[in-house]
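Below you'll find the structure, written out as structure tokens, and then a few comments.
The values are calculated or read from the model by the stated rules, or taken from the named source; none is laboratory data. Just so we're clear, the structure is a prediction, and the values are computed from it rather than from any experiment. Counting neighbours? That spans all protein chains shown, and the Cβs are built from the backbone with ideal geometry, glycine included.
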Amino acid sequence: MSLPISNKRPAPDRVLADIAKYASRQDVGSSAAYELARYCLMDALGCALQAFEAPDCVKLLGPVVPGIVVPHGARVPGTQFQLDPVTAAFNIGCLIRWLDFNDTWWAGGHPSDNIGGILATADFLSRTRIAAGRRPLFVREVMTAVIKAYEIQGVIAIENSFDRLGLDHVVLVKVASTAVVTHLLGGTVDEIASALSNAFVDGDSLMVYRKMPNAGPRKSWAAPDATSRAVQLALMTMRGEMGYRSALTARTWGFYDVLCRGRPLKIARPYGSHVIENIQFKIAYPAQRHTQTAAECAVRLHPLVQDRMDEIEKVILTTHELALKMVSARGPLPTSAARDHCLQYVVAVGLICGDITSASYEDEFAADPRIDTLRAKMAVREDKRYTRGYYGPKRCNANAVQVFFKDGSKTPKAEVEYLIGDARRRKEGLPLLERKFRANLARRFPARQQAALAEFFSDQQRLEAMPVNEFMDLLVI
């Protein structure tokens, strides 16, 4: 005979409570964390401006119903749209994420995916507050939310691989965005925990759209969908919608039992500012994170092979276990989404052209017969040292490329352990990151607007003290 189930509401799950307490802090991290938040915000917006060159992204922008303009609505960079914060979060998120050129975390995912929800909410709040005679939010508060969102998403990702369950890692974007957006809206610790519970109750999307033969453009709007859903859940919570305190741990029906095979989430370290201080920027090449160092190797070898393409017998790619599983692909690559996640394709383009850009994945470019000819000559091998380096304390993402010719000669073996945007290469990488930002400004804005934005982003204190609505106005085309 089974005992009746108690209907007494439990205390919030520990994971929910800990995230909520952290998200409710007013300031987090050192001055170094806020400086990195400035660079993260700068790079995300630069990526957003570059994405206007992608028609498949642009077609998704704007209000759900054409022609709607929301009074005091959030602005979308590079446009004249004025939208509700949920739709604006999706729009901004699409622009940031589309080209797979925004920052990344060694344990998986792209923490800057949260910036869409943060900026849309902060801008909407600022404009509605000013209309009511109250003070707006300032960019410093946006940076605080960015640091916290990066930390929540990144720390949870360290010990919890949703990929292995067939689930997309964007569940952590929804969780992180929900926490910080609810706090921006004025939510208490209990309200943040309630909103978080609904984020987990939503479940998660399948990874099918990231994997061959189904790889497709949803991988570029899955995170925007998650951050916009987070804004919606936060707004509902602030209207009094209840939470579900044992959303994770409830037997049979909770997140752990339904989606995690009964295994609880492991939290690797206390929440602080570790993730943003160690974030990895994609500076040189818009490509999946495991292909970044391989791309650098290929571009280094380009001068040695550009005039000998017909003489190549084979190309040996050396990588680690996870890259071998995730981005090594043979056969047809029918979409840009499949190409930018293919190690062999990225290396082929680097060897042939000496550069890799977002246009390198488009159909017209991919029709170059040299690419598939070279891909067919490639062999991908695991180096156990690289695998240990990826999973161990080094946290490297090593790749090597070597080209062999029919006459028996060969190139040196090009090897790179850390992408140029890694924390270990900050001195080398940050000037290039600034150059990337200035180039992206020039894609969308006239000279005077470019200069104003570059000036603000070069001055930490001035940028932090800027009202969010004025900051977003600078980004309107």
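Show the residue pairs that are 6+ apart or on different chains and have beta-carbon atoms under 6 Å apart, the first residue being within the stretch 131-150 and more than 15 Å from M42 (Cα to Cα), the second being of a type in the set (D, E, K, R).
P136/R129
Filtering the stretch 315-333 down to residues that are surrounded by 20 or more Cβ atoms within 10 Å (Cβ to Cβ), of a type in the set (V, I, T) and at pLDDT 95 or above, which residue is nearest to W106 (Cα to Cα)?
Result: T319.
From P270, P264, P224, which residue is at pLDDT 95 or above and either in contact with a Gly (Cβ under 7 Å, 6 or more places away or on another chain) or of a type in the set (A, V, I, L, M, F, W, C) (or both)? It would help to see each step written out before you state the result.
Details: P270 fails: either in contact with a Gly (Cβ under 7 Å, 6 or more places away or on another chain) or of a type in the set (A, V, I, L, M, F, W, C) (or both); P264 fails: either in contact with a Gly (Cβ under 7 Å, 6 or more places away or on another chain) or of a type in the set (A, V, I, L, M, F, W, C) (or both).
Selected residue: P224, the only one of P270, P264, P224 that is at pLDDT 95 or above and either in contact with a Gly (Cβ under 7 Å, 6 or more places away or on another chain) or of a type in the set (A, V, I, L, M, F, W, C) (or both).
Name the residue, out of A23, A33, A44, A17, that is of a type in the set (A, V, I, L, M) and within 21 Å of L441 (Cα to Cα). Give the steps one after another, and end with the answer.
On the way: A23 fails: within 21 Å of L441 (Cα to Cα); A33 fails: within 21 Å of L441 (Cα to Cα); A17 fails: within 21 Å of L441 (Cα to Cα).
Checking each option against the conditions leaves just A44.
Hey, could you check the stretch 182-234 for residues that are in contact with a Phe, Trp or Tyr (Cβ under 6 Å, 6 or more places away or on another chain) and of a type in the set (G, A, S) and say which is nearest to R14 (Cα to Cα)?
Looking at residues that are in contact with a Phe, Trp or Tyr (Cβ under 6 Å, 6 or more places away or on another chain) and of a type in the set (G, A, S), I get S197.
Looking at A48, A74, A32, A107 in this structure, which one is under 29 Å from R426 (Cβ atoms), buried (at least 24 other Cβ atoms within 10 Å of the Cβ) and either among the small types (G, A, S) or free of Cβ contacts under 8 Å to residues at least 40 places away in the same chain (or both)? Outline the logic, then answer.
Numbers: A74 fails: under 29 Å from R426 (Cβ atoms); A32 fails: buried (at least 24 other Cβ atoms within 10 Å of the Cβ); A107 fails: buried (at least 24 other Cβ atoms within 10 Å of the Cβ).
Unique residue meeting the criteria: A48.
Identify, please: which residue in the stretch 77-109 is of a type in the set (V, I, T) and under 17 Å from V170 (Cβ atoms) and is, among those, nearest to the chain's Cα centre (by Cα)? I'd like the intermediate steps shown before the answer.
If we filter the stretch 77-109 for residues that are of a type in the set (V, I, T), which is where we start, we get 79, 86-87, 92, 96, 104.
From the residues that got through so far, the ones that are under 17 Å from V170 (Cβ atoms) too are 86, 92, 96, 104.
Details: V86: 18, I92: 12, I96: 8, T104: 6 Å.
Looking at residues that are of a type in the set (V, I, T) and under 17 Å from V170 (Cβ atoms), I get T104.
Only one of T79, T104 is touching a helix residue (DSSP H, G or I) at 6+ places or on another chain (Cβ under 6 Å) and modelled with pLDDT of 95 or more; which?
Working: T79 fails: touching a helix residue (DSSP H, G or I) at 6+ places or on another chain (Cβ under 6 Å).
Going through T79, T104 in turn, the sole match is T104.
Within the stretch 77-95, count every residue that is touching a residue at least 40 places away in the same chain (Cβ under 8 Å) and part of a strand (DSSP E or B).
0
Since D422 meets every condition but one in (1) closer than 28 Å to P303 by Cβ; (2) buried (at least 17 other Cβ atoms within 10 Å of the Cβ); (3) more than 24 Å from the chain's Cα centre (by Cα), which condition does it not meet?
(3)
Do the conditions hold for L374, that is, is it at pLDDT 95 or above and either among the basic types (K, R) or out of contact with any Leu (no Cβ under 8 Å at 6 or more places or on another chain) (or both)?
Numbers: at pLDDT 95 or above: yes; either among the basic types (K, R) or out of contact with any Leu (no Cβ under 8 Å at 6 or more places or on another chain) (or both): no.
In short, no.
For the stretch 208-254, which positions are among the hydrophobic types (A, V, I, L, M, F, W, C) and more than 18 Å from D163 (Cα to Cα)?
A230, V231, L233, A234, L235, M236, M238, M242, A247, L248, A250, W253
Looking at the stretch 286-314 only, could you name the residues that are buried (at least 22 other Cβ atoms within 10 Å of the Cβ) and over 33 Å from the mean Cα position of the chain (by Cα)?
none
Out of S24, S112, I need the residue that is of a type in the set (G, A, S), over 21 Å from the mean Cα position of the chain (by Cα) and outside the structural domain of K394 (by TED's automatic domain parsing). Which one? Walk me through it before giving the result.
On the way: S112 fails: over 21 Å from the mean Cα position of the chain (by Cα).
On inspection, the qualifying residue turns out to be S24.
Of the conditions (1) of a type outside the set (D, E, K, R); (2) over 16 Å from A294 (Cα atoms); (3) surrounded by 23 or more Cβ atoms within 10 Å (Cβ to Cβ), T373 clears all except one; give me its number.
Going through the list (1) of a type outside the set (D, E, K, R); (2) over 16 Å from A294 (Cα atoms); (3) surrounded by 23 or more Cβ atoms within 10 Å (Cβ to Cβ), T373 breaks only (3).
Restricting attention to the stretch 51-65, report how many residues are surrounded by fewer than 23 Cβ atoms within 10 Å (Cβ to Cβ) and assigned to a helix (DSSP H, G or I).
Step one: list which residues in the stretch 51-65 are surrounded by fewer than 23 Cβ atoms within 10 Å (Cβ to Cβ), which gives 52-65.
From what's left, assigned to a helix (DSSP H, G or I): 52-53, 55-58.
So the count comes out to 6.
If V401 satisfies all but one of (1) under 30 Å from W221 (Cβ atoms); (2) surrounded by 15 or more Cβ atoms within 10 Å (Cβ to Cβ); (3) not basic (K, R), what's the number of the condition it fails?
All conditions are met except number (1).
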